[in-house]
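Engineer: Before I ask anything, let me first share the structure, which is written out below as structure tokens.
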Amino acid sequence: MLITIILLLIGLGLIFFGADFLVDGASAIARKAGISDFVIGLTIVGFGTSCPELVVSVTGALAGNSDIAIGNVVGSNIFNTLLILGLTAVIAPMAITDENRKRDIPITIGATFLLVLLGMKHSLFGLGQHDGLSRYEGILFLLIFAAYIYMCFKFNKQDDQMEEPKKHMSLPVAILLTLGGLAALIIGGDLFVDSATEIARKIGVSDKFIAVTLLAGGTSLPELATCIVAAAKKKGQLALGNILGSNVFNILLILGVSATINPVDFSGMSLVDMGILALSSVLLFTSAYTGRKDSLDRFDGSLLLICEAVYLTYLFLTI
């Protein structure tokens, strides 16, 4: 048990050092390539920090363990929106651009509700023999994902108001820093998840609980570390792009790949779990579109954190 705890701490260290390298490297690449912080956060950073979820969910799909595959994605997206976005907004309010409102946030919300409606179609509408995603629905998710990524780069608009970085970094160094940061995040996340899961299984908790809490939280540690560092460095658009990108990657790419490999059964998911996932999108919508605010402020962040605390309390009480 002592060795397991040590490995867990090493994983945490790699995650937070990797996040610092990743934010600095990705920001430098964005400037040199004429790409906005948001698009870099959405794509390079979003995909990189979603790699642990990809590994966990695809491995679960290959093993026929749908509880791990879907529980990891649902729990991770709830964790991303309620806890990480909430905590980041409390640390430093994040600006919301017109492009975010017109394209990125609607896509994130749309993907979430598409997952809820298709995944729970039997419970909600009595369609099909059971809840879950078929191979055809997995392919549909992948096609939507490809179209979204194409649209992001086609209509990319760099923010000319961003401050110049204090350190001038060459492109090769920026790329190496970004790749090194991603590697540290992925390795650290893997160490953390393996150690935490081993401890949880020794305690005797279920696969679903492990997936929705430890795996989801553990595989979301790269997003958490990256967003906290980005907020501290006044890179709010990179942080927002990371969360929105990670959520879209999780649903459209990771579940798309998982369902294409092996149809994903949602029988382990309750309406409460999926309802909280939908609620997280509703709260994102109200934060972005109500009033005349141009940012996710500390009030929005506090509300998201309260909802996450309520959901975690529910999970612990219903183990």
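The values are calculated or read from the model by the stated rules, or taken from the named source; none is laboratory data. All values derive from a computational prediction rather than experimental measurement. Virtual Cβ from ideal backbone geometry, glycine too; neighbours counted across all protein chains shown.
Engineer: Out of Leu140, Leu127, Leu82, Leu62, report the one residue that is within 19 Å of Phe266 (Cβ to Cβ) and at pLDDT 85 or above.
Structural biologist: Matching residue, one of Leu140, Leu127, Leu82, Leu62: Leu140.
Engineer: Output the residues belonging to the stretch 229-272 that are closer than 29 Å to Phe38 by Cα and of a type in the set (D, E, K, R).
Structural biologist: Within the stretch 229-272, Lys233, Lys234, Lys235 qualify.
Engineer: Let me ask something else about it. Can you work out which of the residues in the stretch 40-97 that are part of a helix (DSSP H, G or I), of a type in the set (Ser, Thr, Tyr) and touching a residue at least 24 places away in the same chain (Cβ under 8 Å) is surrounded by the fewest Cβ atoms within 10 Å (Cβ to Cβ)?
Structural biologist: The selected residue is Thr43.
Engineer: Out of curiosity, is Leu182 in contact with a helix residue (DSSP H, G or I) (Cβ under 8 Å, 6 or more places away or on another chain), buried (at least 18 other Cβ atoms within 10 Å of the Cβ) and modelled with pLDDT of 85 or more?
Structural biologist: no
Engineer: Follow-up question, since we're still on this one. Within the stretch 125-141, work out how many residues are touching a residue at least 40 places away in the same chain (Cβ under 8 Å), out of contact with any Asp or Glu (no Cβ under 8 Å at 6 or more places or on another chain) and surrounded by fewer than 16 Cβ atoms within 10 Å (Cβ to Cβ).
Structural biologist: Going through the stretch 125-141 one residue at a time, the tally reaches 3.
Engineer: Right, next: Being at pLDDT below 90, part of a loop (DSSP other than H, G, I, E, B), among the hydroxyl-bearing types (Ser, Thr, Tyr) and more than 19 Å from Val90 (Cα to Cα) is the requirement here; does Ser267 meet it?
Structural biologist: Here the answer is yes, as Ser267 does meet what is asked.
Engineer: Also, I was wondering about something else. How do the pairs read when you match residues in the stretch 270-299 that are in contact (Cβ under 8 Å) with a residue 40 or more places away in the chain and surrounded by fewer than 18 Cβ atoms within 10 Å (Cβ to Cβ) with residues anywhere that are among the charged types (D, E, K, R) and assigned to a loop (DSSP other than H, G, I, E, B), using Cβ under 8 Å and keeping only pairs 6 or more apart or on different chains?
Structural biologist: From the stretch 270-299, no pairs qualify.
Engineer: Among the residues of the stretch 227-250, is there at least one that is of a type in the set (Val, Ile, Thr) and free of Cβ contacts under 8 Å to residues at least 60 places away in the same chain?
Structural biologist: Scanning the stretch 227-250, I find no residue that is of a type in the set (Val, Ile, Thr) and free of Cβ contacts under 8 Å to residues at least 60 places away in the same chain, so the answer is no.
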